[in-house]
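Peer 1: Before anything else, here's the structure in question.
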Amino acid sequence: MKTITKLLLLPALALAADTETTKRLDAAAQTVNEIMDAADKSIPRDLLDKAVCAVVIPGMKQGGFVFAGKYGRGFAECRKGAGWSAPAPVRMEGGSFGLQIGGAEVDIIMLVMNRAGMDKLLSSKFTLGGEGTVAAGPVGRSATAQTDAAMRAEILTYSRSRGVFGGIALTGSTLRPDDEAARALYGKKAPNRDILTGKGPALKVSDPLGSALSRHSATKRPN
């Protein structure tokens, strides 16, 4: 009887996972659109144009005060031809987010600025600030590549909490693939390396995040 009950529950659980994942993908796209539509308080368009990949973690949870537990799920996409790749689900855990009151949800955006940063993103797991140079990203209409952060960092990081948006150093945070969400989006096991390099299976749903990134960035990354 227990076995039959479990078998009957499996389709419902799979559907719930699919719905949760697509809602999170919609939230990631909404995060990009809201931040980039904020004019002088947005990510500089020229930095997004130069980014090799982008990672968006909408509604990252944090508990306690200042340095308590933090956990979020989101998506990475990398440049592919004149657009962006399919979304590769990721999990983000731990690390220091600076002085933010516990209990809030924080939207995180990371711009991977070069091939070295992309190679780390394609790995099975890496720690920001430990295995990759990470810096708080500048804010405004244009960074004009004058800032030291934009010149040197492999990854530029931003956060939005309670309507306040700005660059923040996410040192110590760990990023890894989210296999459960990948199965929900692709119907099978899909390694993030394959997804981000265009070798993964077909996406079962639309990709609002890719549309949002394409809307706010150049169709081709400048050399």
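Peer 1: Among what's in the stretch 150-160 and is in contact (Cβ under 8 Å) with a residue 40 or more places away in the chain and over 16 Å from the mean Cα position of the chain (by Cα), pick the residue that is nearest to Asp40 (Cα to Cα).
Peer 2: Going through the qualifying residues, I end up with Ala150.
Peer 1: When the residues of the stretch 1-34 are filtered to those that are in contact with a helix residue (DSSP H, G or I) (Cβ under 8 Å, 6 or more places away or on another chain) and of a type in the set (A, V, I, L, M), which remaining residue is modelled with the lowest pLDDT?
Peer 2: Looking at residues that are in contact with a helix residue (DSSP H, G or I) (Cβ under 8 Å, 6 or more places away or on another chain) and of a type in the set (A, V, I, L, M), I get Ala14.
Peer 1: Can you tell me which residue in the stretch 176-195 is surrounded by the fewest Cβ atoms within 10 Å (Cβ to Cβ), limited to those that are closer than 18 Å to Thr22 by Cα and in contact with a Leu (Cβ under 8 Å, 6 or more places away or on another chain)?
Peer 2: Top of the filtered list is Tyr186.
Peer 1: Separate question: Only one residue in Pro208, Pro222 is surrounded by 15 or more Cβ atoms within 10 Å (Cβ to Cβ) and either without any contact (Cβ under 8 Å) to a residue 24 or more places away in the chain or not basic (Lys, Arg) (or both). Which one?
Peer 2: Pro208 is the lone residue from the list that is surrounded by 15 or more Cβ atoms within 10 Å (Cβ to Cβ) and either without any contact (Cβ under 8 Å) to a residue 24 or more places away in the chain or not basic (Lys, Arg) (or both).
Peer 1: Output the number of the condition that Leu48 fails; it satisfies all remaining conditions of (1) surrounded by 14 or more Cβ atoms within 10 Å (Cβ to Cβ); (2) of a type outside the set (Lys, Arg); (3) modelled with pLDDT under 90; (4) within 24 Å of Lys220 (Cα to Cα).
Peer 2: For Leu48, the failing item is (3).
Peer 1: Go through the stretch 93-119 residue by residue and tally those that are under 14 Å from Ser173 (Cβ atoms) and either surrounded by fewer than 18 Cβ atoms within 10 Å (Cβ to Cβ) or modelled with pLDDT under 90 (or both).
Peer 2: Residues in the stretch 93-119 being under 14 Å from Ser173 (Cβ atoms) and either surrounded by fewer than 18 Cβ atoms within 10 Å (Cβ to Cβ) or modelled with pLDDT under 90 (or both): 8 in total.
Peer 1: Filter the stretch 175-189 down to the residues that are farther than 8 Å from Ala88 by Cβ and of a type in the set (A, V, I, L, M), then identify the one that is modelled with the lowest pLDDT.
Peer 2: Leu175
The values are calculated or read from the model by the stated rules, or taken from the named source; none is laboratory data. Just so it is clear, the structure is predicted and the values come from calculations on it, not from any experiment. Neighbour counts are summed over all protein chains in view; Cβ atoms, including those assigned to glycine, are modelled from backbone coordinates with ideal geometry.
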